[in-house]
Every structure is written in structure tokens, then in C-alpha cells.
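Read-outs: derived from the displayed coordinates by stated rules, not from any lab. The structure presented is a predicted model; accordingly, all values stated were derived computationally and were not measured. We place every Cβ from the backbone using ideal geometry, glycine too, and count neighbours over all the protein chains shown.
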Amino acid sequence: MLNASYKPYTLNFKTPGGTSRGVLKTKDTYFLIINSDEKQGIGECALFKGLSADDVPGYEEKLNWVCENINSGLETLLASLTEFPSIQFGLETAFKSLESQDTFELFPSDFTDKQTAIPINGLIWMGSETFMKQQIKEKIEAGFSCIKMKIGAIDFQTELGLLKAIRKEFSSKDIELRVDANGAFSPENALKKLKQLSEFNLHSIEQPIKQGQFDAMAALCETTPLPIALDEELIGVFTEAEKQKLLQVINPQYIILKPSLVGGFRGSDTWIQLAEKQNIGWWITSALESNIGLNAIAQYTFAKHSKMPQGLGTGGLFTNNFESPLEVKKGTLQYANHKHWNLKFLKEQLCI
């Protein structure tokens, strides 16, 4: 017999994170704990308020329902949680954790065993020109060869100036540049801005216009001089048929998968399979989870064998995150398996 409970937790940013949707100072999340005799599993239901499709009234009631029905089994529960992707992610992780014999090795691999690294991008938050320049300098000095810069909140010409300054010193062979607009451009001015951005040999731009504008996004993807990656566009698209239709209509160059927002590992697998059928590229990013969720996503990501830099460098953003074997070194994410990190240790940190 299983029994389950959940625990809410608020993560506090060390430095407020600026996006085109506003400034983030805290991030609420939930931990799902499953007990079976002497064994325990932990998963993170990483709700992202204002972004997650399951940011709806009754979220905690749904978590209660999951706890009350935990003996229905993973498959039955997942089928009943189609519109709660962050809970699906937490459930999958908790059940895998339960099977991991207290090690939290959910996807055993050379990542967890031999410290084989995952290349990641360095994230540049929006802010003043001075603040953004400082972050760029720090990421380059830290050995990142791929930098992702959030744009769309300050003056566009200033953002172009920052990109120009990077390219004066570093070619596209030296530093791969990605930008993320978080839907900040309008359909009317997006193409013009993409043409200006393309002058700096960028790898891609994430979500140039707000999601849900299928025809406008499809037209952009067809005519863009700069590869477009769909991000928010994937949120709230639940069935395989809907996912296939979206990819066929828009036909983007890339998609970006956040397991917490797209239905966990299985939801991500479906998107990957459909994208590869259309020769659409993909990579995986975190969505401001704690190190518990980030660890699960990192292990899953390594198992997918992608060679592209992934978006997994968010573990150091919070003042009250949990100690973790994850380490960022020279633009990569590594798993320091010499560190003592198991479910007992996690329970102590979570006070459960």
C-alpha cells in the first residue's frame, strides 16, 4: 500500500529575474512525497504561476485528490491529469524516485555515474544595460560557449547594441547566441526585428510573438531570416493530435521542451517524436524548478542524447534551494556523484 502527501515551498531569487512578462522575485512549487513501507519517493510539481496551463483554481485540491488516490497507480493517475502537466511531472519523478532505492538516480547513465557533462547555455536576465553587460561578461569568463539573452523589456536598440558588442569581440564560432523574446514582439513588427537580429549571426529566437497566433507564427517561421524556437506555444496543448497539428501548421525550426509545463517525461517524449518526424530540432530547458526537479530533468535530458546546449543552468538562482550534486562548470552541467545526496538527505532538507 502506498500513501502520499504534498508540501508547498517558496523559492526566493538571489537577484530578481527580469522577463518581458515582469520581474520574478519568488517561485512557488510543491513537493509530492510517496511512501511505501520503508521506501520513499519525492517529485516536484513545479507549478509556474502566470505561465503553466494548470495555474488554475483548485490546484491544491487536485494534489489532494492525487494523494487520496495514489494506489490507483501511475498510469491511471497520469490519464486523469492531462490538464495538470506539472503534477504529471511530479508524479513521474516521485514514482521513479520510489524505484531508485534511495539514490535518486532516476535515469542511470554516464551523467550520474561518470560525470559526463551536459553542455548548457548561460542565461542573461533582462535589466539595465549595465546589469546585462555585467552578466554577459560573467558568463563568458565562466567558460560558456552558448549564451541566451532575454530581450523585449528594455529599448530594442539597446538590446541590439549589446548583441553588437558581443559580436565585435566573439564570432559565432566562439560564442553561440540565443535570444528569448517571451512573446514581446507584435505580429506587425516581428519580421522587421528578426531581420535586425539576424545581422548578429544568432542561433535562434524563442517565441518572438505571443502564443496562440497560429497563422502569424506560421508566416513568421516561413519567412524568417532567423531560426524560430517555439516555447510558450507548446503550453496547454494536451493531446497528441493537437501537438501534431500545431507542428504541421506552424512548422517551426525548433521547439523547446520544459517537462514541468508539457506533461513531464512522457509529454516531452511525444513532442520529440513528432518534431523529429518533421525534421524540427529541439532542446530541453528547466522552468525554474528547485534542484529536485532540475536534477530529474537533467538526468532525463542526458538520456535523450542531444548534442545541443540545453537550458539547465538555473540551480544557482535561489537563496533557499536544496544542496545538490549538480554543478555548473565551464559552460556545462555536471553530476558530482561524490556528493552525499539521497532521499534521506532530501527529507532532512525538506523537513519531512
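Worth pointing out:
- Top positive-direction residue, dipole computed over the chain with Cβ charges, set His203, Thr301, Ile166: Ile166
- Cα centroid of the stretch 21-70 to Cα centroid of the stretch 226-264, whole Å: 22
- Asn320 long-range amide H proximity, modeled H, under 5 Å: Asn12
- Remark on Thr332: its backbone amide H falls under 5 Å from those of Ile120, a criterion applied only to residues 5 or more positions apart or on other chains, H modelled at 1.01 Å from N.
- Ascending count of other beta-carbon atoms within 10 Å, so fewest first, for Arg266, Arg167: Arg266, Arg167
- Between the listed residues Ala4, Leu24, Cys45, the Cα displaced farthest toward the positive end of the dipole of the stretch 3-101, a dipole computed from Cβ unit charges relative to the Cα centre, is found at Leu24.
- Applying a DSSP loop filter and a limit of 14 other Cβ atoms within 10 Å to the trypsin sites (Lys or Arg not before Pro) in the stretch 303-333 leaves Lys307, Lys330.
- MRE, 222 nm, helices only [DSSP H, n ≥ 4, -39500 (n - 2.57), over the chain, to nearest 500]: -11000 deg cm²/dmol
- Relative contact order (%) - criterion: Cα under 8 Å, at least six apart; region: the stretch 3-101: 31
- Fewest-first sequence of Leu312, Leu257 by Cβ atoms within 10 Å of each Cβ: Leu312, Leu257
- Neighbour cut-off at most 13 other Cβ (10 Å), DSSP loop, trypsin sites (Lys or Arg not before Pro), the stretch 35-122: Lys49
- Relative contact order, percent, the stretch 103-221 [alpha-carbon distance under 8 Å, six or more residues apart]: 21
- For Asp28, the residues whose modelled amide H falls within less than 5 Å of its own, excluding neighbours fewer than 5 places apart on the same chain, are Leu11, Lys49.
- Listed pairs Lys27/Lys173; Lys173/Lys245; Lys133/Lys195 exceeding 28 Å between Cα atoms: Lys27/Lys173; Lys173/Lys245
- Total charge dipole magnitude, the stretch 225-352, about the Cα centre, Cβ charges on Lys, Arg, Asp, Glu only, Debye to nearest 20: 360
- Extension gain, Asn201-Asn3: 0.36 nm per intervening residue step, less the Cα-Cα distance, totals 66.0 nm.
- Semi-axis lengths (Å, descending) of the ellipsoid that matches the C-alpha gyration tensor of the chain: 33, 23, 18
- Computed about the Cα centre, the dipole magnitude for the chain is approximately 1120 debye when only Lys and Arg (+1) and Asp and Glu (-1) carry charge, each at its Cβ.
- Listed residues Cys146, Asn35, Pro85: farthest to the positive end of the dipole of the chain (Cβ charges): Cys146
- Applying the criteria of a DSSP loop state and at most 12 other Cβ atoms within 10 Å to the GluC sites (Glu not before Pro) of the stretch 117-188 yields Glu188.
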